[in-house]
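Structure first, commentary second.
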Amino acid sequence: MSLKKYIVGGWVRDKLLTELGHPIQSNDKDWVVTGATPEEMLRLNFVPVGNDFPVFLHPKTHEEYALARTERKSGHGYKGFTFFADPSVTLEQDLLRRDLTVNAMAMDEEGHLIDPYGGFEDLKKGVLRHVSAAFEEDPLRVLRVSRFRAKLPWFRIAEETKAMLKRMVESGEVDALVPGRVTAEIRKALKEAKPSIFFDELETNGFMGRVYPEWKQTELSRSLLDGLSSGFTEEEKFAASVASVDPNKLPALLEALRMPKKLTEFALLFSESLRDGFECASDGKGVLSVLRRKDALRRPERFAQLLRLLKEAHHIDSEKKWLMSAEAVRSLDFRSISAAAPDKSRVPELIEEASVRAIDKALDKFADQH
């Protein structure tokens with residue numbers, strides 16, 4: 001059996017970037033196997049997981065091993081491909097089908113670099129360049145290249161690749177992308193070094209104007225999004241990315257994106273809170289109204305997230321006033337108030353009065369501390 005295996009793609013790229021002085025945490029290793037059949041992989045106890053083409057998990061390390069394959073366009077969109085996996089397919093043929101030269105490098109088991117398409121040179125120059133004309137056949141790459149720009153913000157996109165990206169958008173290929181695939185790339189981009197670049201590149205190549213014309217970035221959303229450290233949640237980062245969207249158009253955009261419910265709810269809450277003037281509430285009654293409107297008493301963790309993001313956006317000076325007020329209400333013994341009420345019909349009114357008094361005390365305490 002002439003089976004040979006090679007580490008390919010992102011792990012190789014990130015290892016070389018680290019050696020060039022740009023430390024990047026490498027992802028799990030992906031392997032390509034040449035000279036093997038699915039039957040041979042099964043005999044070696046590899047576990048099959050691929051539906052469209054032969055991909056296997058190593059029986060011990062659980063790393064992915066894919067048989068070397070070629071592909072050709074056979075339909076419209078990112079699913080319109082026919083794959084051919086055979087022991088005769090070479091590593092160079094497999095690498096040729098990949099998106100960018102910096103992702104089309106491999107290493108053998110001894111650590112020798114295989115780089116048939118100039119990926120290492122582009123890596124040193126900081127250039128994102130397509131490997132071949134076949135790049136144009138997969139519309140998802142419009143988003144992937146934009147995401148790599150966000151991941152590697154000191155890189156630039158080669159002019160010929162920029163032109164190709166625009167053609168892909170103008171041709172309508174991107175119209176075949178299902179929301180789930182787009183959403184997945186957006187969620188990955190939010191974790192990158194400078195997420196705003198992802199959205200700017202999609203604006204430049206025409207994707208945003210064609211698919212999500214209402215999703216505009218401004219200096220507010222760019223600076224906020226890029227300023228969020230790794231400690232901020234995905235909900236906070238996504239809310240920052242849509243901070244400048246017209247609030248009347250935001251619900252439709254969120255519906256089109258089909259993001260998880262927790263992301264869409266928080267995005268709407270943040271957008272509303274940027275514009276509704278809630279921060280002007282200054283007495284117990286007004287603050288209680290805000291706490292209820294923001295669902296702060298029932299969902300304190302989400303409210304704390306909201307305050308933190310609003311502070312980052314320079315929309316409020318301090319979260320403490322609000323957190324102290326919410327905690328003051330949550331600390332009340334509502335059962336005792338209800339049990340002590342001689343007239344049960346007045347229980348809501350008594351709870352309201354106790355809540356306002358508790359908040360007023362918290363506000364006085366806050367004022368004394370400042």
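Would you rank Thr218, Thr264 by solvent-accessible area, highest first, keeping every protein chain in place and using a 1.4 Å probe?
Working: Thr218 55, Thr264 25 Å².
Descending order: Thr218, Thr264.
Report the rotationally averaged projected area of the range 250-370 based on its alpha-carbon convex hull, in square nanometres. Don't skip to the answer; put the middle values down first.
On the way: hull surface 35.7 nm².
Averaged projected area of the range 250-370's Cα convex hull equals 8.9 nm².
With the contact rule set at Cα under 8 Å and sequence spacing of 6 or more, what percent relative contact order holds for the chain? Show your work: numbers first, answer last.
Values: 543 pairs, mean separation 35.0, N = 370.
Value for the chain: 9 percent.
At 30 Å minimum axial length over the Cα atoms and a Kyte-Doolittle cut of -0.5, report the qualifying DSSP H helices in the chain, or say none. Could you put the intermediate results ahead of the total?
On the way: long enough: 347-369 (33 Å, -0.18).
Helix filter hits for the chain: 347-369.
Compute, for the chain, the length of the dipole vector about the Cα centre, with Cβ point charges of +1 (Lys, Arg) and -1 (Asp, Glu) only. Units Debye, rounded to 20.
My answer is approximately 560 debye.
So how strong a dipole does the range 127-246 carry about its Cα centre when Lys and Arg Cβ are +1 and Asp and Glu Cβ are -1, to the nearest 20 debye? Mind dumping the intermediate values first?
Details: 19 positive and 20 negative charges, 81 e Å.
That gives the range 127-246 a dipole magnitude of about 380 debye.
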Taking a 28 Å limit on the Cα-Cα distance, which of the listed pairs Lys188/Lys216; Lys249/Lys311; Lys125/Lys191; Lys285/Lys344; Lys216/Lys261; Lys321/Lys344 fall beyond it?
Lys321/Lys344
Spatial separation of Cα centroids for the range 284-351 and the range 2-51, in angstrom
53 Å
For the range 172-323, would you read off the P(r) tail past 19 Å as a percentage of all alpha carbon pairs?
53 percent
Would you kindly state how much longer the chain becomes between Arg357 and Phe53 on full extension, computed as 0.36 nm times their sequence separation minus their alpha carbon distance, in nm to one decimal?
102.8 nm
3J(HN,Hα) from dihedral phi, the range 87-98, Karplus parametrisation 6.51/-1.76/1.60, rounded to Hz, x for glycine, proline
x, 7, 5, 8, 4, 4, 5, 5, 5, 5, 7, 7
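Of all DSSP beta bridges in the chain, what percent run antiparallel (nearest 5)? Walk me through the intermediate numbers first.
Working: 20 of 26 bridges.
Here the share of antiparallel DSSP bridges comes out near 75 percent.
Please compute the length gained on full extension between Asp343 and Asp368, using 0.36 nm multiplied by the number of residues separating them and subtracting their Cα-Cα distance. All intermediate terms of the calculation are to be shown ahead of the outcome.
Details: separation 25, 0.36 × 25 = 9.00 nm, distance 3.67 nm.
Net length gain for the segment: 5.3 nm.
Multiply the residue separation of Ala252 and Asp108 by 0.36 nm, subtract the distance between their alpha-carbon atoms, and state the gained length in nm to one decimal. Please list the in-between numbers first.
On the way: separation 144, 0.36 × 144 = 51.84 nm, distance 4.89 nm.
Length gained, Ala252 through Asp108: 47.0 nm.
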Rounded to two decimals, what is Rg over Rh for the range 215-304 when you use alpha-carbon atoms and the Kirkwood radius?
0.98
Can you pull the accessible area of Tyr6 for me, 1.4 Å probe, Å² to the nearest 10?
30 Å²
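Can you compute the helix-only [θ] at 222 nm over the chain? Use -39500 (n - 2.57) per DSSP H run of at least 4 residues, normalise by all residues, nearest 500 deg cm²/dmol.
-14500 deg cm²/dmol
Excluding Val33 itself, what net charge comes from residues whose Cβ is under 14 Å from its Cβ, given Lys and Arg +1 and Asp and Glu -1? Walk me through the numbers before you get to the answer.
Working: positive: Lys4, Lys5, Lys29, Arg43, Arg69; negative: Asp30, Glu39, Glu40, Glu63, Glu64, Asp86, Asp94, Asp108, Glu109.
Neighbour charge sum, excluding Val33 itself: -4.
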Residue with peak Gaussian network fluctuation, the chain [Cα springs, cutoff 10 Å], from Glu203, Glu110, Glu40:
Glu110
In a shell of Cβ-Cβ distance under 15 Å around Leu123, excluding Leu123 itself, what net charge do Lys and Arg (+1) and Asp and Glu (-1) give?
+3
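Provide the FRET efficiency to the nearest 0.05 for the Arg187-Glu327 pair, computing r from the beta carbons and using R0 = 41 Å.
Values: r = 32 Å, r/R0 = 0.79.
Efficiency for this residue pair is about 0.80.
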Set Lys and Arg Cβ to +1 and Asp and Glu Cβ to -1, take the dipole of the range 91-194 about its Cα centre, and tell me which of Thr161, Gly118, Val182 lies farthest positive.
Val182
I'd like the projected area of the chain, averaged over all directions, using the convex hull of its alpha carbons. Report it in nm² with one decimal.
24.6 nm²
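Dipole of the range 83-134, Cα-centred, from +1 at each Lys and Arg C-beta and -1 at each Asp and Glu C-beta, to the nearest 20 debye? Write out the running numbers ahead of the final one.
Numbers: 5 positive and 10 negative charges, 76 e Å.
Dipole of the range 83-134, to the nearest 20 debye: 360 debye.
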Give the residue from Phe135, Asn248, Ser88 lying farthest towards the positive end of the charge dipole for the chain; charges sit on Cβ (+1 for Lys and Arg, -1 for Asp and Glu) and the dipole is referred to the Cα centre.
Asn248
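The values are calculated or read from the model by the stated rules, or taken from the named source; none is laboratory data. Only a predicted model underlies this, so the values are computations on that prediction, with no experimental measurement involved. FYI the Cβ positions are ideal-geometry reconstructions off the backbone, even for glycines, and counts take in every protein chain you see. Calculation scope for accessible area: heavy atoms of the full protein, side chains included, ligands and nucleic acids excluded. Shrake-Rupley method; radii C 1.70, N 1.55, O 1.52, S 1.80 Å.
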